[in-house]
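In what follows, a structure is listed as structure tokens, so that the remarks can point back to it.
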Amino acid sequence: MRVFAVSDIHIDFPENAAWFSNLSREEYQDDVLILAGDVSHSLEDLDRPLTALARCFAKVFYVPGNHELWVIRDLETLSSLEKFQKVRAVAEECGASTRPQLSPEISIVPLFGWYDYSFGEPGPELKERWADYLACKWPPAYGVREITSHFIQMNDSVPTVGSGTVITFSHFLPRIDVMPDRISERNRFLYPILGSSLLDRQIRRIGASIHLYGHSHVNNRTTIDGITYINNAFGYPAEEAFASRRLLCIYDDEGIERASP
Ligand SMILES: [Fe+2]
Ligand SMILES: [Fe+2]
């Protein structure tokens with residue numbers, strides 16, 4: 001069995017939608033796919049890609065990204081928390097599991113999250129440009145720390161896993177030093193909305209050896225204190241320079257990692 005990983009497929013772009021439509025229906029029938037969020041803004045449009053991917057793989061694991069929680073122009077009467085529940089229900093119906101699967105050989109654990117400014121406080125440019133601030137809607141008195149805490153608490157029921165390979169995954173970054181050094185100062189204004197260090201605490205408590213994350217759209221792999229952190233975002237069509245735009249095999253029965261065409 002192999003485990004493939006990808007995030008940020010953003011099927012609102014026709015070029016990205018064509019990718020999952022053309023994925024082999026035969027090649028991955030014994031394999032698992034981890035899909036780490038940002039599939040679509042539209043609840044209506046989630047069904048088709050998730051169902052298609054569930055047919056290609058033996059099992060698909062999924063967490064919603066921030067784009068799935070946008071309620072602007074989609075389910076405007078709902079809060080983003082209510083949309084989260086709907087997204088989760090649609091995913092489960094389509095065969096994309098949002099629940100951990102624990103076993104002595106290999107465990108796969110979805111982790112929910114958000115960003116809580118643990119990587120820095122947002123500056124004026126970020127406050128003006130970051131779409132979530134307008135596109136998401138939260139209950140009164142919910143700031144980013146309350147939102148993050150709400151989602152992080154949902155992961156508390158996952159036990160420490162004591163055996164086998166443990167792969168956790170989240171849409172958001174668990175620590176900011178997974179970002180490569182090459183990121184220019186100019187682009188670091190985005191760091192406050194990338195994730196939360198609370199995720200890293202959970203990953204380490206659970207006992208992961210591999211953690212997949214999305215959201216940054218900057219493909220990278222780095223090992224820190226015994227955990228290998230991997231980003232394999234499919235990304236936007238214009239991001240070919242730093243997003244791989246293909247599946248990545250992050251585990252197989254022999255523990256070999258390799259890219260898939
Ligand atoms: Fe994304
Ligand atoms: Fe995202």
Original post:
the stretch 156-261: which GluC sites (Glu not before Pro) are DSSP loop and have at most 14 other beta-carbon atoms within 10 angstrom?
Top reply: Glu240, Glu254
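Would you tally the net charge around Ala233, using a Cβ to Cβ cut-off of less than 14 Å, leaving Ala233 out, and scoring K and R as +1, D and E as -1?
-1
Where Rh denotes the Kirkwood radius from the mean inverse Cα pair distance, what is Rg over Rh for the chain?
On the way: Rg = 17.1 Å, Rh = 18.4 Å.
Ratio of gyration radius to Kirkwood radius for the chain: 0.93.
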**OP:** Please label the shape of the stretch 73-155 as rounded, prolate or oblate, based on the square roots a ≥ b ≥ c of the eigenvalues of the alpha-carbon gyration tensor (a/c under 1.5 means rounded; beyond that, a/b larger than b/c means prolate, else oblate).
**Re:** oblate
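Provide the percentage of antiparallel DSSP beta bridges, counting only those with both residues in the stretch 3-259; round to the nearest 5. If you can, show how the numbers build up before the last one.
Values: 11 of 36 bridges.
Antiparallel bridges make up about 30 percent of those DSSP assigns within the stretch 3-259.
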Original post:
Taking neighbour Cβ counts within 10 Å as the exposure measure, how do Tyr251, Tyr142 sort from fewest upward?
Top reply: Tyr142, Tyr251
Original post:
Each label point is 7 Å from the Cα along the Cα-to-Cβ direction; what then is the distance between the points at Met1 and Arg73, in nm?
Top reply: 4.0 nm
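All of the numbers you see were taken from the coordinates with simple rules; none came from a lab. Just so we're clear, the structure is a prediction, and the values are computed from it rather than from any experiment. As a convention, Cβ positions derive from the backbone with ideal geometry for all residues, glycine included, and neighbour counts pool all protein chains shown.
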